[in-house]
1. Looking only at the range 20-57, which residues are of a type in the set (K, R) and over 16 Å from K10 (Cα atoms)?
2. Residue under question is L29, and the condition is that it be at pLDDT 95 or above and in a helix (DSSP H, G or I); does it hold?
3. Taking only the range 40-51 into account, find how many residues are outside any helix (DSSP H, G or I) and surrounded by 15 or more Cβ atoms within 10 Å (Cβ to Cβ).
Amino acid sequence: MPHLGVVDKKLIATNIGAALKKLRNDKNLSMQQLATLAEIEKSQIYRIENGKVDLRISTLYLLADTLKVDVTDFFNP
C-alpha cells in the first residue's frame with residue numbers, strides 16, 4: 001500500500017470536513033448543537049470542518065451516528 005503524503009492527508013481532511021459541514025447543514029444543526037449531541041467540543045467540530053485535524057476513525061463513526069448517516073457519506077462529497 002502506498003504511503004500517503006502530507007498533501008494527500010490534507011486533501012482527505014479537507015474533503016471530510018466539507019462533507020461534515022454539508023451533512024450538519026442538511027440537518028439544520030449549528031456547530032454547537034452538533035458538538036452537544038456528539039458530546040465533543042465545538043472547537044473540534046470547527047477544526048474538522050476546516051480540515052485542520054487528522055480525524056480518528058472513532059470520531060468519524062461518532063459523528064456519523066450522531067447525524068444518523070452512514071460513515072461512507074463523509075467520502076461522497
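1. K21, K22, R24, K27, K42
2. Numbers: at pLDDT 95 or above: yes; in a helix (DSSP H, G or I): no.
It is false that L29 is at pLDDT 95 or above and in a helix (DSSP H, G or I).
3. Filtering the range 40-51 for residues outside any helix (DSSP H, G or I) gives 40-41, 50-51.
Those left that are additionally surrounded by 15 or more Cβ atoms within 10 Å (Cβ to Cβ): 40, 51.
Total meeting the criteria: 2.
The values are calculated or read from the model by the stated rules, or taken from the named source; none is laboratory data. As the structure is a prediction and not an experimental result, all values here were calculated from the model. Counting neighbours? That spans all protein chains shown, and the Cβs are built from the backbone with ideal geometry, glycine included.
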